[in-house]
Amino acid sequence: MKASMKFLSVLVLMFSLTTPVKAQEVNQTKGDIAVLKEEPSINIEFTYNKMTVGDYGKEENFIKTKKAEYNAKEAGKGDSWAAEWVGDRERKYHPMFIKAFGDGGKLEVKPESKYTLIFNTDFCEPGYSVGVAKKNAQIDGTATIVETANRSKVIAVFKIEHPGESMFRGAAFDAATRIGQAYSLTAKKLAAYIKKNAK
């Protein structure tokens, strides 16, 4: 019994040392969300202004490098990849964010809402899963809530850092799934924050 408990303790220690877990935080940096207390819904829009990717810096550097790599292996593959990289936003990331936000908070997501949440992706780590080598995806973002009819009127600003995939499940094999899960977790945490603090 003692031997098995000792073995279990060693496993837990090894897991804690080999699995770095970054804090997943929602920080409100500006404004007051009390106005959302009586609101039944919110509109959500997405931007990618000045987004950086992994260790590549500017997104354009990342796309240029990966596109060339894929085209070198197979003519046209890089062009298809580049189109999918951008297209997955509308096809996958935005719907996953919207669904998680609606499921995890007090506000429905409707375009005609009085307030709009503009989510800008500041940083994206696509991650990878190659055999036994895995790295989870994660994103950092800035969420700005404005009046829908007057976008210059800012209600609140949030910084959301490091939401990613489940560290316990490991990285998914395709990048779109990995990144989509990061968007979903981001939305869930932001929705929960608003639900708790819009009083």
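The values are calculated or read from the model by the stated rules, or taken from the named source; none is laboratory data. Note that the structure is predicted; figures quoted are calculated from it, not measured. Every residue, glycine as well, gets a Cβ built from its backbone with ideal geometry; the counts of neighbours run over all protein chains shown.
Looking only at residues in the range 38-54 that are more than 16 Å from the chain's Cα centre (by Cα) and modelled with pLDDT of 95 or more, which one is nearest to LYS199 (Cα to Cα)? For the range 38-54, the residue satisfying everything is GLU39. Only one of the listed residues (LYS50, LYS110, LYS92, LYS58) is on the phi < 0 side of the Ramachandran plot and out of contact with any Ser or Thr (no Cβ under 7 Å at 6 or more places or on another chain). That residue is LYS92. Checked against (1) closer than 30 Å to GLU147 by Cβ; (2) more than 15 Å from the chain's Cα centre (by Cα), ASN71 meets all criteria but (1).
The residue of the range 52-76 that is farthest from TYR128 (Cα to Cα), among those that are surrounded by fewer than 16 Cβ atoms within 10 Å (Cβ to Cβ) and aliphatic (A, V, I, L, M), is ALA75. Listed by first and then second residue, the pairs linking a residue in the range 30-45 that is farther than 12 Å from VAL146 by Cα to a residue that is in a strand (DSSP E or B) and among the acidic types (Asp, Glu), with Cβ atoms under 8 Å apart and 6 or more places separating them unless they lie on different chains, are PRO40/GLU108; SER41/GLU108. Screening the range 47-140 for strands (runs of 3 or more DSSP E) wholly inside it with 1 or more residues that are in contact with a Leu (Cβ under 9 Å, 6 or more places away or on another chain) returns the ranges 115-125. Here the condition is being farther than 27 Å from SER152 by Cβ and among the polar types (S, T, N, Q); of THR52, THR65, THR121, THR47, it holds for THR65 alone. Of the residues making up the range 91-104, those that are in contact with a strand residue (DSSP E or B) (Cβ under 9 Å, 6 or more places away or on another chain) and buried (at least 16 other Cβ atoms within 10 Å of the Cβ) are TYR93, HIS94, PHE97, ILE98, PHE101, GLY102.
For the range 141-174, residues that are outside any strand (DSSP E or B) and at pLDDT below 90 total 12. Quick check, is ASP88 charged (D, E, K, R) and surrounded by fewer than 17 Cβ atoms within 10 Å (Cβ to Cβ)? So ASP88 fails the test. Within the range 78-134, the set of residues being free of Cβ contacts under 8 Å to residues at least 40 places away in the same chain, closer than 12 Å to TYR183 by Cα and in contact with an Asp or Glu (Cβ under 9 Å, 6 or more places away or on another chain) is empty.
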